[in-house]
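Notes follow once the structure below has been shown.
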Amino acid sequence: MPDLSINFAGIKSPNPFWLASAPPTNSGYQVMKAFDAGWGGAVWKTLGVPVVNVSSRYGGVNYRDKRLVGFNNIELISDRPLSHNLREIEEVKKRFPNHAVIASLMVQSRQEWHDIVRQSQDAGADGFELNFGCPHGMCERGMGSAVGQEPKVLQMIVEWVMEVAQKPVIVKLTPNISDITEPAMAARRGGADAISLINTIQSIVGVDLDKFAPYPIVDGKGTNGGYCGPAVKPIALNMVKNCAQHPDIKLPISGIGGIENWRDAVEHILLGASSVQVCTAVMHFGFGIIREMTSGLEQYMVEKGFQTIDEMVGKALPNVLHWEDLNMKYKVTANINEDKCIGCQLCYTACEDGAHQAIRLNAGTRVPEIIEENCVGCNLCSLVCPVEQCITMEQTDSGTEHLTWKERTEAGTAPTEFEDEKAGGRHHWVPEPSAALGKERHKTLPGKARIINGETTVPAEA
Amino acid sequence: MAEFSTPTTEQQFAENFAQLKPVMNRTEALYESSRCLFCFDAPCIKACPSGIDIPQFIRQINSGNDTGAARTIYEANYFGNACGKVCPTEVLCEGACVYNLQEVKPIEIGRLQSFATTKVIKSGEKLFGPGADNGKKVAVIGAGPAGISAACELRSLGYGVDVFEAKAQPSGLTVYGVAPYKITNEETLAEMAYLQAQFGYNVHFNSAISSRKELEKLEDKYDAIFLGIGLGKTNELGLPGEDKINCTGAVEFIAELRQHQHKVAVGRKVIVLGGGNTAMDAASESSRLGAENVILAYRRAKEEMGAYEFEYDLAKGVGVKGLFNVAPVEITGNGYVAGVKFIRTETKDGKVSEIAGSEFVEPCDMVIKATGQAKQTEFLNLIPGLKLDGKGRIIADAHTGQTSNPKYFASGDAWNGGAEVVNAAAEAKLTARGIHAYLSK
């Protein structure tokens, strides 16, 4: 059996799944319940000077019938007295000595940082996570993302913390910045042991169309909140990759953002995370999702022959290149499996209207046909196709040639002028603009007009 | 044992005749509409005789624009609510859904359609209105799906419309002929009231037009006359004993059932003669009324029945037994029905022949004849110059519905020989346009 346990910058836990610092880690009750359920660690809801929250704190983004594909909150750090939290941390650690309990911290002055680090240490915390990410409320008070967006301030605070910390220090980064590696490097310079990312993204999840106010609504008003949930995973993955690949960072990464099942977790790990943190999925489905996560991860490791998590960390990084280093000689072409096609023609309309007019319809069949010479291999048709493995992208180049944009630029074969002969689309067929007229217009007519135009024939006999 | 106990109250009747396609709630509609793929040039639209832009209305429901969805439906089909419930969607829109090819349950288009339309009917939200008065008037004979659809469309074009209906309620077979588990009387009549409130045509109930004199009056007073008269009574079989008590026509039986519900009595053992959809309905209904045995007797083989497969399945599901390759010879009994004398048949090269000496009597205490409806040729012959085809159907232009008497236009069963509500609704819309073209010359 593979070993799921990790040693993350000196913090040990039985598996890489930690609860992120958020409402699910608000109390010892919740953390104990989570550990009982199978979670490997928990980053406690951020400790600091207790806050006062507003009522109505979360907003959701639904897609069709799927709820909470995105989620945001305007809740602040812990509103409970520090002593209560510390007492419960102690209790949890006593009961679960081998699980990771990390104290998330957010205060202002050097003295406050010293005090809270020492007190958390005394309570038995296995490490610290400095919350430099909160994008709402706390930043208005000069904390959270206000720190995370100022590498110099961030570095200074990390240095303060390192003056007293005897346990590993993780710096949690905000994504609300143009280059995530800047604060990551500042964390390294300050002496941090690890980084975690991403915190939530500044957002408005929606607007009430009747009240003309953003969600979540507080007495008819709203404010920007922190965005998280499945929708943010792609942003998180890219930032995790950026930090993992950067030669000057070289810190363990705790991946956060859109992790809901084992696949999401493995993706974070393959791009460089060596622990992962989860919040929204637990807020949606409860602690029980951990069973699927560990079982999926374990199964994947068995199938791939990984013995430890470490063997997987960053496994995909060598394959993440800059665009200019991609092989421009590689070519794929769409292929429709006629036996599987159900005739929805979404590929046709997607290619027609959204891509390169490389699919045609033929009379007498609803199965569309790929116009190979027009297909640029963009994947769009295979992405919209609702049938598994119906449209496949097949490699059509010889597989022996390799040429990148960088090489072309260096060789002087890249287009440089507006009318350049070397323009990629120069010899690609594009229909005449006026050929579009009449193709969609009739569909804007109501049913009766469609009938009159002969689209639907009325049977004269039953 | 009977599948159902005899209903004695309205409540029990509603339970025995529970709706096959109950109206969705908002959550169900959201889930179901989310599944729609929004096919390009969708097969469901092509399969709908009224050409409703189905992916469009489903998308409107999905984005919370239920009113817009109802508008999309009604723009194509004035019986939008009824059709969502009574259409044989299994062989129309839902049968064409591409999910079928993936062995995935097709979208419940009918129920989504009823969901959106029920919502506007209940709120009474005004979506349509009459067009500017053009000073011309059209008489509509028959307040069925054809007549009412024509009335709506003609009003929207600015015509004054008077509808003449022999019965006491509008919607024709929707309220008098469709099985009660497909649509309730309340639902049917609510849509009729909604349409009338929107378009403002007049309906004269209990006003049969049956004489030359009455027709003349209409010819004098109106610029055109629309025939939406449907079909007539159940065909006589011409069998000895057909006049016995408890031998009835399916159309008459169902009309009675729709109007008097649990107060309608059914035999303990019922034989339904016929193999069409109406036979299936009558058999199912007998069973749901508490008949202990219901036999569906058809003169050809099972595979040759005209009924849709799902309709036969429905009947089988409530305990109806099939008896195939038998032809009725005589209704036996002394005053009351006591049985049906059958003769066995066989089909050879598509022709049915009786097997000599194979007669037998199947005892029963009720016979329902579902052997087709007669054409109203006697009435139609009162219209000068009106031509009928060999089967007694009105001959009319396929695009305009104009008959061989230029003042008369037709749609629905009297024209197509007997089809679905949706066919009548679609045809009548076209024909109304045909009337408009004729009167605009």
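Of everything listed in (1) open to solvent by less than 10 Å² (accessible area, probe 1.4 Å); (2) out of contact with any Asp or Glu (no Cβ under 9 Å at 6 or more places or on another chain), the single unmet condition for residue B:284 is (2). Any residue at all in region A:94-102 that's touching a strand residue (DSSP E or B) at 6+ places or on another chain (Cβ under 8 Å) and open to solvent by 10 Å² or more (accessible area, probe 1.4 Å)? Yes, there is a match, as at least one residue in region A:94-102 is touching a strand residue (DSSP E or B) at 6+ places or on another chain (Cβ under 8 Å) and open to solvent by 10 Å² or more (accessible area, probe 1.4 Å). Scanning region A:55-74 for residues being without any contact (Cβ under 8 Å) to a residue 60 or more places away in the chain and open to solvent by less than 80 Å² (accessible area, probe 1.4 Å) gives a total of 3. A search for C-beta distances below 8 Å between a residue of region A:102-125 that is closer than 18 Å to residue A:79 by Cα and any residue that is crowded, with 17+ Cβ neighbours inside 10 Å and of a type in the set (Lys, Arg), counting only pairs 6+ apart in sequence or on different chains, returns A:104/A:45; A:104/A:172. If you go through region A:287-345 and keep only what is aliphatic (A, V, I, L, M), without any contact (Cβ under 8 Å) to a residue 60 or more places away in the chain and out of contact with any helix residue (DSSP H, G or I) (no Cβ under 8 Å at 6 or more places or on another chain), you end up with just A:321. For region A:355-396, filtered to residues that are among the hydrophobic types (A, V, I, L, M, F, W, C) and more than 35 Å from the chain's Cα centre (by Cα), the residue that is most open to solvent (accessible area, probe 1.4 Å) is A:363. Set side by side, the residues B:36, B:44 differ, and just one is modelled with pLDDT of 95 or more and under 26 Å from the mean Cα position of the chain (by Cα), which is B:44. Is it true that residue B:329 is aliphatic (A, V, I, L, M) and over 23 Å from the mean Cα position of the chain (by Cα)? Yes: the conditions hold for residue B:329.
Of the numbered criteria (1) away from chain B (no Cβ under 14 Å); (2) in a loop (DSSP other than H, G, I, E, B); (3) open to solvent by less than 30 Å² (accessible area, probe 1.4 Å), the one residue A:264 fails is (2).
Let's see how each residue does on (1) open to solvent by 10 Å² or more (accessible area, probe 1.4 Å); (2) more than 13 Å from chain A (Cβ to nearest Cβ); (3) at pLDDT below 95; (4) not in a helix (DSSP H, G or I):
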site: B:50; (1), (2), (3), (4): no, no, yes, yes
site: B:55; (1), (2), (3), (4): no, no, no, no
site: B:78; (1), (2), (3), (4): no, no, no, yes
site: B:81; (1), (2), (3), (4): no, yes, no, no
site: B:104; (1), (2), (3), (4): yes, no, no, yes
site: B:115; (1), (2), (3), (4): yes, yes, no, no
site: B:118; (1), (2), (3), (4): yes, yes, no, no
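Filtering B:407, B:387 for residues that are among the basic types (Lys, Arg), more than 9 Å from every other protein chain (Cβ to nearest Cβ) and either over 24 Å from residue B:235 (Cβ atoms) or open to solvent by less than 40 Å² (accessible area, probe 1.4 Å) (or both) leaves a single hit, B:407.
Residues that are of a type in the set (Phe, Trp, Tyr), surrounded by fewer than 19 Cβ atoms within 10 Å (Cβ to Cβ) and either under 12 Å from residue B:229 (Cβ atoms) or in the same structural domain as residue B:259 (by TED's automatic domain parsing) (or both) within region B:128-170 are absent altogether. How many of the residues in region B:171-206 are in a loop (DSSP other than H, G, I, E, B), in contact with a strand residue (DSSP E or B) (Cβ under 7 Å, 6 or more places away or on another chain) and open to solvent by 20 Å² or more (accessible area, probe 1.4 Å)? Counting residues in region B:171-206 that are in a loop (DSSP other than H, G, I, E, B), in contact with a strand residue (DSSP E or B) (Cβ under 7 Å, 6 or more places away or on another chain) and open to solvent by 20 Å² or more (accessible area, probe 1.4 Å) gives 0. Listed by first and then second residue, the pairs linking a residue in region B:303-324 that is in contact (Cβ under 8 Å) with a residue 60 or more places away in the chain and farther than 13 Å from residue B:90 by Cα to a residue that is in a strand (DSSP E or B) and open to solvent by less than 40 Å² (accessible area, probe 1.4 Å), with Cβ atoms under 9 Å apart and 6 or more places separating them unless they lie on different chains, are B:318/B:294; B:319/B:294. Of the conditions (1) assigned to a loop (DSSP other than H, G, I, E, B); (2) open to solvent by 40 Å² or more (accessible area, probe 1.4 Å); (3) within 9 Å of chain A (Cβ to nearest Cβ), residue B:418 fails just one. Which one is it? Looking at each condition in turn, residue B:418 falls short on (2).
The values are calculated or read from the model by the stated rules, or taken from the named source; none is laboratory data. These numbers were taken from a predicted model, which means no experiment stands behind them. Heads up, the Cβs are rebuilt from the backbone with ideal geometry, glycines too, and the neighbour counts pull from every protein chain shown. For accessibility, only protein heavy atoms count, side chains too; no ligands or nucleic acids. Shrake-Rupley method; radii C 1.70, N 1.55, O 1.52, S 1.80 Å.
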